[in-house]
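The values are calculated or read from the model by the stated rules, or taken from the named source; none is laboratory data. Nothing here was measured: the structure is a model prediction, and the numbers come from that model. Note that we place each Cβ from the backbone using ideal geometry, even for glycine, and neighbour counts take in every protein chain shown.
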Amino acid sequence: MNNDRRRFLKTSLLGSAAIVAGCTTEVATEVAAKTDPFRPLRILVLGGTGFIGPHMVREALRRGHEVSLFNRGRTNNELFPDLELLVGDRNNGLEALEGGKWDAVVDNSGYVPRHVEDSARLLAPIVSHYLYISTISVYGDFSKPIDEDTAVGTMDDDTVEEVTGETYGPMKAMCESRVLSQVGADRTTILRPTYICGPGDRTDRYTYWPVRTMRGGEMLWPGTPDDDIQMIDVRDLASFTVDCLEQKILGIFNTVTPAGSFKMGDLLQDSLAVTDADTMPTWVDHEFITAQNVGADGGLPIWESPVGEAAWLAKVDGSRAAAAGLRNRPTRETARDTITWWKTLPQDRTEKLRAGLSADKEAEFLQNWHNQDD
Ligand SMILES: NC(=O)c1ccc[n+]([C@@H]2O[C@H](COP(=O)([O-])OP(=O)(O)OC[C@H]3O[C@@H](n4cnc5c(N)ncnc54)[C@H](OP(=O)(O)O)[C@@H]3O)[C@@H](O)[C@H]2O)c1
């Protein structure tokens, strides 16, 4: 099991139900929709040029909002030449934000609690809404059912600033609590995405499956077609993010495909449909996978063994976000657009997937699997 899923905090400062100005999310959303004529927002995005940021920026612009970017000026500088870029570093370099005027901030790039606390403190008197992108990795125990009220993981040393598989989840949980303490629950939204997928994903964790399928031949598929998996299409996350800003949807939300709605068999069918490949799937049971350590080092991304300490990782309850308006597109669309995007990438990016089994390893494991039958 991947380290960043193993341990997370015990203190949940944020296990509250969604609050929208004192009423439930559904009611407030409905009220906002009925009473508020469209009002363009001035949105500050901390980290708008990585993977998810550009999707959020484009969605906000498409809906007529104004966007300012804050980042160091190192990543994808060419993306938004017409937008205001405030150059600075979250690590002790927030001066460019001083004196700014925005309605809302989207914090995409917060991993270190001190950085998030600094930006939240500085922006709290300036913005009326702080939206922090967290992660489902905050949860402490995936062996049991998970919803937003489940305890998050903790770390003994709250001054650690190195992000590793071990510290990522508890640090993100601490970031959440720093935003809440600086800004207040009545002005904060926290989104906890699972694997974010789709065009632009730099991890290849979802991308591995359709791209490997495209290569054809015998392909190892772990578990059974009925095993649950979850993801969130980056465009659905972006759309829900802007919904939250427009409708002032506050609270904590797991952002995932609905639990139980997406299975490994669906991922296979999506991958076959969008690649038109002659791939032959071989399903390999989870006990063999575990015994052979096939899944180590990101070998079989997104899939988790349906038994054991990560049994609920792919069944996270997303009903609160769905009730607040999160809409998940058909997973086949994600597969189709991921392949379309992949085909536009240069060869030096596509010659080696960043996740998944290498061809040699996969052949070796399949051989071992077949040898068992002899
Ligand atoms: N990918 C997933 O599957 C996944 C799942 C769950 C949650 N998340 C969360 O999603 C969020 C966004 O991820 P991402 O991959 O899109 O973006 P990212 O790589 O974390 O962030 C990149 C953006 O942040 C800026 N940035 C980085 N370090 C900075 C610093 N010290 N000061 C100022 N700006 C800085 C970068 O621009 P410069 O380099 O120019 O500064 C760029 O605009 C993260 O909070 C992550 O925890 C991701």
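Could you tell me which residue of the range 325-348 is farthest from L267 (Cα to Cα), considering only residues that are touching a Phe, Trp or Tyr at 6+ places or on another chain (Cβ under 9 Å) and polar (S, T, N, Q)? Full working, then the answer.
Kept after step one, since they are touching a Phe, Trp or Tyr at 6+ places or on another chain (Cβ under 9 Å), are these residues of the range 325-348: 325-328, 331, 334-335, 338.
Next, only the ones that are polar (S, T, N, Q) stay: 328, 331, 334, 338.
Working: N328: 15, T331: 8, T334: 10, T338: 13 Å.
This residue is N328.
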Pairs only if they're at least six apart or on different chains, beta carbon under 7 angstrom, first in the range 195-211 and closer than 12 Å to P301 by Cα and polar (S, T, N, Q), second at pLDDT 95 or above and within 10 Å of the ligand (Cβ to nearest atom); list them, first residue then second. T207/D201
Residue count for the range 122-149, restricted to those that are within 16 Å of the ligand (Cβ to nearest atom) and either farther than 13 Å from T189 by Cβ or aliphatic (A, V, I, L, M) (or both): 11
Reported set for the range 178-217 where residues are more than 13 Å from the ligand (Cβ to nearest atom), in a loop (DSSP other than H, G, I, E, B) and either within 30 Å of G295 (Cα to Cα) or aliphatic (A, V, I, L, M) (or both) is G216, G217
Of the residues in the range 48-85, those that are in contact (Cβ under 8 Å) with a residue 40 or more places away in the chain and either touching a helix residue (DSSP H, G or I) at 6+ places or on another chain (Cβ under 8 Å) or over 20 Å from H115 (Cα atoms) (or both) come to G48, F51, I52, P54, H55, M56, R58, E59, A60, R63, H65
Please verify whether the range 152-160 includes one or more residues that are within 16 Å of the ligand (Cβ to nearest atom) and closer than 27 Å to K248 by Cα. yes
Residue count for the range 60-115, restricted to those that are more than 14 Å from the ligand (Cβ to nearest atom), surrounded by 14 or more Cβ atoms within 10 Å (Cβ to Cβ) and farther than 12 Å from L44 by Cβ: 2
So D278, is it farther than 16 Å from Y195 by Cα and acidic (D, E): yes
Condition met for R235 (farther than 25 Å from N368 by Cα, assigned to a loop (DSSP other than H, G, I, E, B) and at pLDDT 95 or above): no
Need the failing condition index for C175 against (1) part of a loop (DSSP other than H, G, I, E, B); (2) within 16 Å of the ligand (Cβ to nearest atom); (3) touching a Pro at 6+ places or on another chain (Cβ under 9 Å), just the number. (1)
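Per-residue answers, yes or no, for (1) free of Cβ contacts under 8 Å to residues at least 40 places away in the same chain; (2) of a type in the set (A, V, I, L, M, F, W, C):
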| residue | (1), (2) |
| --- | --- |
| Q292 | no, no |
| V307 | yes, yes |
| R349 | yes, no |
| A355 | no, yes |
Please find, within the range 326-356, the residue that is surrounded by the most Cβ atoms within 10 Å (Cβ to Cβ) out of those that are of a type in the set (A, V, I, L, M, F, W, C) and out of contact with any helix residue (DSSP H, G or I) (no Cβ under 7 Å at 6 or more places or on another chain). W341
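Rundown of residues vs (1) surrounded by 24 or more Cβ atoms within 10 Å (Cβ to Cβ); (2) in contact with a strand residue (DSSP E or B) (Cβ under 9 Å, 6 or more places away or on another chain), yes/no style:
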{"residue": "T154", "(1), (2)": "no, no"}
{"residue": "V163", "(1), (2)": "no, no"}
{"residue": "K172", "(1), (2)": "yes, yes"}
{"residue": "V179", "(1), (2)": "yes, yes"}
{"residue": "Q182", "(1), (2)": "no, yes"}
{"residue": "R192", "(1), (2)": "yes, yes"}
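Given L267, L300, L272, which one is within 23 Å of S239 (Cβ to Cβ) and either in contact with a helix residue (DSSP H, G or I) (Cβ under 8 Å, 6 or more places away or on another chain) or surrounded by fewer than 19 Cβ atoms within 10 Å (Cβ to Cβ) (or both)?
On the way: L300 fails: within 23 Å of S239 (Cβ to Cβ); L272 fails: within 23 Å of S239 (Cβ to Cβ).
Going through L267, L300, L272 in turn, the sole match is L267.
I need the full set of residues from the range 136-145 which are crowded, with 24+ Cβ neighbours inside 10 Å and either more than 16 Å from the chain's Cα centre (by Cα) or on the phi > 0 side of the Ramachandran plot (or both), in order please. Give the derivation first.
Going through the range 136-145, the residues crowded, with 24+ Cβ neighbours inside 10 Å turn out to be 136-139, 142.
Residue satisfying the conditions is F142 alone.
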